[in-house]
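Peer 1: Once you've had a glance at the structure underneath, I'll fire off some questions.
The values are calculated or read from the model by the stated rules, or taken from the named source; none is laboratory data. None of the values given here were measured: they were computed from a predicted structure. Positions of Cβ are backbone-derived with ideal geometry, glycine not excepted, and every protein chain shown enters the neighbour counts.
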Amino acid sequence: MSSVSGKVAAITGAGSGIGRALALELARRGARLALSDVDEAGLGETVDQVKQLGAEVTATRLDVTDRDAVTAWAAATVEHFGVAHQIYNNAGIAFSRSVLDSDWADYERVLGVNLFGVIHGTKAFLPHLLASGDGHVINISSLNGYLAQDGMSHYCTSKFAVRGFTETLRIELTKAGSPVLVTVVHPGGVRTKIADNAFEAAAALGLPVTAEDRKRRDVYNDKLLRMDPAEAATIVLDGVEAGRPRVLVGNDAKLVDVVVRLLPARYQKLSLALERRLDR
């Protein structure tokens, strides 16, 4: 068991979505919080909300692709609180383009946040978690950490890799008899801004935004991203407190997990059929 009450919990991507919801639920459960996000305005809103719940909190504008900055944030967290118990590597971005149409910068941008952000956060906090004697690494993957989808090679590659990295870390720490627990989280369709942000990022980069891109965004927002982030955060933290190594968030994540396990060579065709149905 890994209760969060009284613990110092650090969260990346805390300015919105699941990150903000985790911060709020951790505050309700009595945690002390070190929050970070590249979006200062969103981060400020989260800080205001957790303060209303009575939580002790620090806030840092942070680009998780900057390894030195993440290391400095971890050190500053321990300097402020005296200890760090939990790191929630949550920051993530999405992008939609085919492999053929993608350039190297597309992969570097998504992998920099979604994969190396997780690695940076884990490496930066792990010595402090070990020193606490009661640490926990929580890495946010995705339903796309075991399900590949058309046009999402950047995102799927990063989330598959987060799963592999996290499970390897768990094996190593278990072998060493470490006091640090490790959890990988696979959310399904949670109502966040990730689809809108991916659309806006493409436009900001000057990439052509097609009618198909708009349709994909609308399908995600209207039909797939349905779970309230607060509900997702509750599921995640219940799993963390129970010491679960793997947390699936939502019935869609659970269903897809079963389908992929049962039909590993055929689920891609089912995925395409579902996408065509949603398009109609």
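Peer 1: Output the qualifying pairs, or none if there are none: Cβ atoms under 7 angstrom, residues six or more apart or on different chains, first residue in region 132-155 and free of Cβ contacts under 8 Å to residues at least 40 places away in the same chain and within 20 Å of Tyr88 (Cα to Cα), second residue outside any strand (DSSP E or B) and not hydrophobic (A, V, I, L, M, F, W, C).
Peer 2: Asn144/Tyr155; Asn144/Lys159
Peer 1: Please determine whether any residue of region 119-141 is surrounded by fewer than 23 Cβ atoms within 10 Å (Cβ to Cβ), at pLDDT 95 or above and closer than 23 Å to Met227 by Cα.
Peer 2: Looking through region 119-141, none of the residues is surrounded by fewer than 23 Cβ atoms within 10 Å (Cβ to Cβ), at pLDDT 95 or above and closer than 23 Å to Met227 by Cα.
Peer 1: Within region 182-199, can one find any residue that is part of a loop (DSSP other than H, G, I, E, B) and modelled with pLDDT under 60?
Peer 2: If we filter region 182-199 for residues that are part of a loop (DSSP other than H, G, I, E, B), which is where we start, we get 188-189, 191-193.
Restricting the remaining residues to those that are modelled with pLDDT under 60 gives 193.
Yes, there is a match, as at least one residue in region 182-199 is part of a loop (DSSP other than H, G, I, E, B) and modelled with pLDDT under 60.
Peer 1: Can you tell me how many residues in region 38-52 are closer than 20 Å to Val4 by Cβ and surrounded by 16 or more Cβ atoms within 10 Å (Cβ to Cβ)?
Peer 2: Adding up the residues that qualify gives 3.
Peer 1: Among the residues of region 228-267, write down those that are touching a Ser or Thr at 6+ places or on another chain (Cβ under 6 Å) and of a type in the set (Asp, Glu).
Peer 2: Residue satisfying the conditions is Glu241 alone.
Peer 1: For region 94-102, state whether one or more residues are aromatic (Phe, Trp, Tyr) and either modelled with pLDDT of 95 or more or in contact with a Ser or Thr (Cβ under 6 Å, 6 or more places away or on another chain) (or both).
Peer 2: Checking region 94-102: not a single residue is aromatic (Phe, Trp, Tyr) and either modelled with pLDDT of 95 or more or in contact with a Ser or Thr (Cβ under 6 Å, 6 or more places away or on another chain) (or both).
Peer 1: Sticking with this one: Kindly indicate the residue of region 102-133 that is in contact with a strand residue (DSSP E or B) (Cβ under 9 Å, 6 or more places away or on another chain) and among the acidic types (Asp, Glu) and also nearest to Pro187 (Cα to Cα) among those meeting that condition.
Peer 2: Filtering region 102-133 for residues that are in contact with a strand residue (DSSP E or B) (Cβ under 9 Å, 6 or more places away or on another chain) and among the acidic types (Asp, Glu), the one nearest to Pro187 (Cα to Cα) comes out as Asp106.
Peer 1: Which of the residues that make up region 1-28 are buried (at least 18 other Cβ atoms within 10 Å of the Cβ) and charged (D, E, K, R)?
Peer 2: Across region 1-28, the qualifying residues are Lys7, Arg20, Glu25.
Peer 1: A further question on this structure: Out of the residues in region 241-256 meeting the condition of being in contact with a strand residue (DSSP E or B) (Cβ under 6 Å, 6 or more places away or on another chain) and part of a helix (DSSP H, G or I), tell me which one is surrounded by the fewest Cβ atoms within 10 Å (Cβ to Cβ).
Peer 2: In this case the residue turns out to be Lys254.
Peer 1: Considering only region 232-240, I want to know if a residue exists there that is exposed (fewer than 14 other Cβ atoms within 10 Å of the Cβ) and either modelled with pLDDT of 80 or more or not in a strand (DSSP E or B) (or both).
Peer 2: Within region 232-240, the subset exposed (fewer than 14 other Cβ atoms within 10 Å of the Cβ) is 238.
Narrowing further to those that are either modelled with pLDDT of 80 or more or not in a strand (DSSP E or B) (or both): 238.
Within region 232-240, one or more residues are exposed (fewer than 14 other Cβ atoms within 10 Å of the Cβ) and either modelled with pLDDT of 80 or more or not in a strand (DSSP E or B) (or both).
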